[in-house]
1. Taking residue A:44 as meeting all but one of (1) within 9 Å of chain B (Cβ to nearest Cβ); (2) in contact with a strand residue (DSSP E or B) (Cβ under 7 Å, 6 or more places away or on another chain), write down the number of the exception.
2. Can you name the residue in region A:47-75 that is assigned to a loop (DSSP other than H, G, I, E, B) and among the polar types (S, T, N, Q) and is also nearest to the other protein chains (Cβ to nearest Cβ) among such residues?
3. Restricting attention to region A:35-75, which residues are under 17 Å from the mean Cα position of the chain (by Cα) and surrounded by fewer than 17 Cβ atoms within 10 Å (Cβ to Cβ)?
4. Would you call residue A:190 in a strand (DSSP E or B) and assigned by TED's automatic domain parsing to the domain that holds residue A:52?
5. If you check B:117, B:173, B:154, which single one turns out to be surrounded by fewer than 22 Cβ atoms within 10 Å (Cβ to Cβ), closer than 23 Å to residue B:70 by Cα and in contact with a Gly (Cβ under 7 Å, 6 or more places away or on another chain)?
6. Quick check, is residue A:192 open to solvent by less than 20 Å² (accessible area, probe 1.4 Å), of a type outside the set (A, V, I, L, M), closer than 23 Å to residue A:86 by Cβ and at pLDDT 75 or above?
7. Hey, residue B:84 hits all of (1) touching a Gly at 6+ places or on another chain (Cβ under 6 Å); (2) within 14 Å of another protein chain (Cβ to nearest Cβ) but one; which does it fall short on?
8. Only one residue in A:112, A:77, A:67, A:39 is modelled with pLDDT under 95 and closer than 25 Å to residue A:183 by Cβ. Which one?
Amino acid sequence: MTTQSNGVIDVADVSKWYGSVVAVNEVSFQVNPGITALLGPNGAGKTTMLHLIAGLAKCSDGQITTLGEPVRNNPSLYQRVGFMPEHESVYGFYTGRQLVEFSAKLYGLSPLGEAVDRAIQIVGMEDAQNRTMDGYSRGMRQRMRLAAAIVHDPQVMILDEPLNGTDPRQRIEFQEVMERLASQGRTILISSHILEEVETMAGRILLMVSGKLAASGDFRAIRAKLDEQAYQVRIVVDEPRRMASAIVALDDVDSVSFDDDGSIVVLSRKVATIQTTLPRMAQENGIRLTRMEPIDESLESLFEYIVER
Amino acid sequence: MLTLLRLSMRQLGGKRRVALILLLSILPIALAVVVSIAEGEDESFDSDFINILLDGLMVGGILPIVTMAVATAAFGNELEDQTLSYIVLKPIPRWHIALPKLLASIIIAGPLIIASGAIAAWIGMGADPRISAAVGLALFVGVTTYSSIFSWAGLMTTRALAFAIVYVFLWEGLISSFINGVDYLSVRGYTLAIMHGIDKDGLGELSERVIEFPAAVGGAVAVSVVFFYLTVRRLRNMDVP
């Protein structure tokens, strides 16, 4: 059965509930070629959403199509889709290469060698490909799982938290790989609960909070919204009163208050500026700054801010 | 399908599981050796051997225990480890997933049980090849039928082993022993009837309490096919973790 679709992935009024728990609530969006990030705090419903899109779970209501076809029980569609689940379980007795070969065989690829080599090369695991999956670090396992998910060179990639366990260098490499694949016309949907992980590569983001789509669209526009929020930064100095007086004089500061433990809490809409200004200010005034930390930089608070607006 | 068969056999053929099967398979042979040595001129030996060792221990105990230990894990392990998504999102029909799982269960559980039963019968029943063949073939049918049921159970619930134990103890053990007609819906009943049907003379002791041979064959095939179908249907309809 082929249904009319507007996006490569078309999610229309989709809900998913388990008993009385609503995991996804009337969500609609489309995903087109390029990189789209599905963002949201833990428990927002991202994984459920991706499972629904991949066809692993059945929608309680609404419908999802990929490349114009229904996603449930549609083996022929899976030839054109690659899915990497969030959980890291793998067949630990396989070597990395065997896992990718296993995947390639199930996709019916022949001959295997070239496709497997290419996938392993993409994730940069040529040197470690013959070690068992159980012997890999978390990041290496992630990369091999990614290789297994893209070995058949799919048109659509659905990757659930693919950057878990990767180090900064691997993230940059991963970003380059994704950008290259996206530039070749592929549609890539990546989930993450960490904004910074995906902000440099995703052109479009979908924000999920509490099972609902809180916002969607161009990354910069949403980022600008996020930047309007005031952030709290806690600083600990040896002379809090003198430091607080100096901080109040700054233009970028909205308010200054003291916590019970004597630390100073600074509220500002320009947290990046604050983070560079305050240490310099302390040094110039001969004040010893022992700690400086953002209080509410979690994605949850950012998302809640957007939802409230 | 071979790829999944090899994977499933590797998953199910763990050392501890195979050791358990081996241990349980040696038991009937060891008992057959012991009772054969102690037999003497006891005229009721054949009857006791069939009732206690073949029916009670082999068909009523070891056969379901071994197949449940293997077949419930065929999908159970995949669900527990959350690896089923690696398989179900591939461009293969669902029965291509269910069949290798079933075959792997049969291949892992079957040979040792079948060999154990056939050798024990050979030792205890006067080295009659027909009796050994009857026992071996019937056990093969039993392994296949139980494997089909327990593979489905492994996909239906994370407590498949508990379900299998209750099912074997209550239905196959208790209820089928007391209520006439239940043997028509009992794997134990099918296994004994097929055993008897292949060698009516050698296993005549069973003639009073087994169902008709064609009914047993038809029942075993029907149960295997129905549960295989239910497994495929479950794979289509379930939410894969």
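1. (1)
2. A:73
3. A:42, A:43
4. yes
5. Values: B:117 fails: surrounded by fewer than 22 Cβ atoms within 10 Å (Cβ to Cβ); B:154 fails: surrounded by fewer than 22 Cβ atoms within 10 Å (Cβ to Cβ).
It is B:173.
6. It is true that residue A:192 is open to solvent by less than 20 Å² (accessible area, probe 1.4 Å), of a type outside the set (A, V, I, L, M), closer than 23 Å to residue A:86 by Cβ and at pLDDT 75 or above.
7. Against the list (1) touching a Gly at 6+ places or on another chain (Cβ under 6 Å); (2) within 14 Å of another protein chain (Cβ to nearest Cβ), residue B:84 comes up short only on (1).
8. A:39
The values are calculated or read from the model by the stated rules, or taken from the named source; none is laboratory data. Remember, it's a predicted structure, so these values are computed and weren't measured experimentally. Glycine gets a Cβ as well: all are built from the backbone with ideal geometry, and neighbour counts include every protein chain shown. Ligands, DNA and RNA are stripped out before the accessible areas are found, and what is left, the full protein with its side chains, is counted by its heavy atoms. Shrake-Rupley method; radii C 1.70, N 1.55, O 1.52, S 1.80 Å.
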